[in-house]
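Okay, structure first, notes after.
The values are calculated or read from the model by the stated rules, or taken from the named source; none is laboratory data. Quick caveat: nothing in here was measured; it's all calculated off a predicted structure. Positions of Cβ are backbone-derived with ideal geometry, glycine not excepted, and every protein chain shown enters the neighbour counts.
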Amino acid sequence: MERTTIERRDVGEFDVLIDIKYAGICHSDIHQVDEGWDEGIFPMVPGHEIAGIVSEVGPGVTKFRAGDRVGVGCMVDSCRTCDNCKAGNEQYCTAAAWSAPTTTPARTPLDFSAYLSLKTDGALVNVGLPEEPISVDLFDVVTGRKTIAGSLIGGHRGDPGDAYFCAEHGIGAEIELIRADQINGAYKRVLASDVRYRFVIDTATI
């Protein structure tokens, strides 16, 4: 990765402008940069899970004001009208524009059957998105009434309460803070599984 400059639009009616202080590194960033899921769109500014201070809000914004400490995940918009959005599950918005992972027949499938040595009614819940397709022997599923499920990210319905609880009780995440010039090395360490805590970039070093 290398430095670049991007031009931002003026703050719109419902926009919140954030002075970003920190940004996390997720393996999904590396999937995008290395084009592991699909063809990348370059130039690319990877990264999400940002934290910062609100510096300006549009006239239509009512929940935030300048000076608020805020965080943003990997989702930036939803339709707010589909059944999932109305139920507070905007992360599963049926109209959201996601960069969907794709697979190719040339890749070697991951054998998920090896992970299905579960008790009766056991569940294998996957929260990762491997670059390879998965292969499952359904006999390993139906014998034992097992379940394979998945989960994406949290949403507004549950996450704010968790954040407020942590703030009230002084609970914080254990992280490894890095400088901007350490990002490429951090990517390599993620791929080598040489990570104990989440890498967080101090944006003051950019």
Sort out which residues of the stretch 191-206 are surrounded by 16 or more Cβ atoms within 10 Å (Cβ to Cβ) and in a helix (DSSP H, G or I), and write them in order of number. 203
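For residue 88, are the conditions met, namely being assigned by TED's automatic domain parsing to the domain that holds residue 145, at pLDDT 80 or above and of a type outside the set (Lys, Arg)?
On the way: assigned by TED's automatic domain parsing to the domain that holds residue 145: no; at pLDDT 80 or above: yes; of a type outside the set (Lys, Arg): yes.
So residue 88 fails the test.
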Which one of 173, 186 is in contact (Cβ under 8 Å) with a residue 24 or more places away in the chain, in contact with a strand residue (DSSP E or B) (Cβ under 7 Å, 6 or more places away or on another chain) and assigned to a helix (DSSP H, G or I)? 186
Do you know which of the residues in the stretch 27-62 that are closer than 23 Å to residue 198 by Cβ and of a type in the set (Asp, Glu) is nearest to the chain's Cα centre (by Cα)? 49
So, residue 55, is that one assigned by TED's automatic domain parsing to the domain that holds residue 174, of a type in the set (Gly, Ala, Ser), out of contact with any Phe, Trp or Tyr (no Cβ under 6 Å at 6 or more places or on another chain) and over 15 Å from residue 203 (Cβ atoms) or not? no
Pairs please, first residue from the stretch 15-31 and under 12 Å from residue 129 (Cβ atoms) and surrounded by 19 or more Cβ atoms within 10 Å (Cβ to Cβ), second anywhere and of a type outside the set (Ser, Thr, Tyr) and modelled with pLDDT under 95, Cβ atoms under 6 Å, 6+ apart in sequence or on different chains. 31/37
Residues being over 30 Å from residue 33 (Cα atoms) and touching a residue at least 40 places away in the same chain (Cβ under 8 Å) - total across the stretch 131-157: 1
If you go through the stretch 47-93 one residue at a time, how many are among the β-branched types (Val, Ile, Thr), over 30 Å from residue 2 (Cβ atoms) and loosely packed, with under 15 Cβ neighbours inside 10 Å? 2
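Scan the stretch 122-159 residue by residue and report those that are in a loop (DSSP other than H, G, I, E, B), modelled with pLDDT of 85 or more and in contact with a strand residue (DSSP E or B) (Cβ under 9 Å, 6 or more places away or on another chain).
Across the stretch 122-159, the qualifying residues are 122, 136, 137, 146.
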